[in-house]
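Note sheet for the following structure.
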Amino acid sequence: MATLARGGGAATMRPTFDRALKTLQRSRAAALDPSGRYDYLREEVAERLADRLPDMKRSFRRVLDVGAHAGQLAPALVASHGSIEELTLCDSSAAALHRDTEALARRLERAAAERGGGGEAPRVSRVVCDEEDFLRGTGVEEGNLDAVVSSLSMHWVNDLPGLMVQIRKALRPDGLFLGAMLGGDTLHELRVSLQLAEQDCDGGVSQRVSPFVGVEDAGSLLSRGGFRLLTVDTDHITIPYPSAKELMQDLGRMGEGNAATLRSLGPLPRRTLQKACQNYDELFGDEVDGKRIVPATFQVIYMIGWAPDDSQVAPLARGSAKVGLQDALKEERQSLGAEILDGAANPFADKARPEVFSLSDLAADSGSAVQVTELIDEARPQDAHEEAHQGKPYGAGGADGGGGGGWMPRPAESMPERFAPPKPK
């Protein structure tokens with residue numbers, strides 16, 4: 001991701017994000033929050049991302065976490081998959097990476113013990129390097145990793161296609177990439193409130209919220225990186241805050257402040273800040289359990305891709321088919337129970353046939369319902385790894401095709417006390 005800038009008559013490419021500033025923000029956040037009080041979003045996304053691992057019938061001995069922060073994803077990975085033996089964490093901020101080394105070791109041991117089976121916690125190593133050049137920074141040999149993971153870090157990368165190419169090169173054939181990044185709907189409430197406030201108070205708008213990748217582009221990124229058998233799905237996680245001011249304070253304490261190169265360099269004037277908070281409350285605020293709250297939406301894009309391998313299912317060469325499509329569909333129709341759709345068992349046989357009917361319509365005839373259920377069971381993939389290779393998302397599907405979304409279901413004691421998520425009406 002880059003923007004075109006002109007200087008001295010020559011066109012140059014300006015990076016979208018200031019990587020040095022982002023490293024500074026992460027280091028400052030690690031110093032201000034040594035206990036991980038503001039890790040609640042990262043930990044929630046880590047759990048949802050790791051939930052995609054248990055059904056993958058593979059062994060992932062060597063794993064690399066790109067943009068690991070303080071290692072929030074590591075315990076969830078160990079709890080979800082017991083085959084990890086070596087785990088490498090890399091991040092551009094040394095302060096974040098080494099923030100709670102001992103606490104993370106205890107969490108990994110506890111996760112391995114709770115999983116059972118006599119498994120041990122993986123050996124953990126840490127490397128300080130820029131995620132945009134992790135292949136050289138970590139010294140990982142090409143084709144040497146079983147899996148590469150990344151959680152809530154890639155939305156700050158300037159060259160996402162280049163990062164995907166590096167990840168694919170680091171993986172062995174049929175190796176796994178599993179990632180989560182913030183998407184385009186993230187903080188749309190804050191973006192709108194700030195833009196309206198600046199328009200009213202300052203007569204123009206500036207880039208106060210960093211740009212994010214759209215979910216429609218995620219598949220293209222994986223494909224350009226050379227991955228196969230792609231899966232992309234998304235969640236919308238909503239977190240309540242007392243006001244927009246507390247939201248912005250928390251973003252800073254997470255190390256998620258604005259780092260766009262085209263951001264306004266001056267501080268937000270007090271009058272504009274007050275107007276933005278007022279806009280946020282008027283447009284998006286709500287009364288929940290007697291408390292005034294404003295919601296903040298975080299769209300999370302989950303991505304799964306597999307490094308190419310000859311053992312993977314692949315389409316036949318164009319023009320190589322020996323059976324016509326019409327004949328193939330006719331045979332498939334007959335094998336799936338033509339008597340249900342066209343024969344005497346059709347509950348609609350004695351009246352005008354509708355263009356569309358559901359299983360609940362067929363349930364009027366118990367015999368038909370049983371046959372339909374059996375056919376669905378027979379057609380359902382039995383191996384979850386095969387399901388991944390068919391491009392279907394793991395986990396419970398929600399309205400967005402992801403893990404359900406909705407208000408973040410975190411226990412109150414694991415979040416800042418004032419941010420315990422109330423139940424929406």
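Values in this text are rule-based calculations from the coordinates and carry no lab data. The structure presented is a predicted model; accordingly, all values stated were derived computationally and were not measured. Counting neighbours? That spans all protein chains shown, and the Cβs are built from the backbone with ideal geometry, glycine included.
Within segment 127-161, the GluC sites (Glu not before Pro) that combine a DSSP coil assignment with at most 16 other C-beta atoms in a 10 angstrom radius are E141, E142. The length gained by stretching the chain between L329 and A103 to full extension, at 0.36 nm per residue less their Cα-Cα distance, is 75.5 nm. Taking 7 Å steps out from each Cα toward its Cβ at D200 and M13 produces label points 4.1 nm apart. Note on V192/L21: beta-carbon distance plugged into 1/(1 + (r/R0)^6) with R0 of 25 Å gives a FRET efficiency of 0.55.
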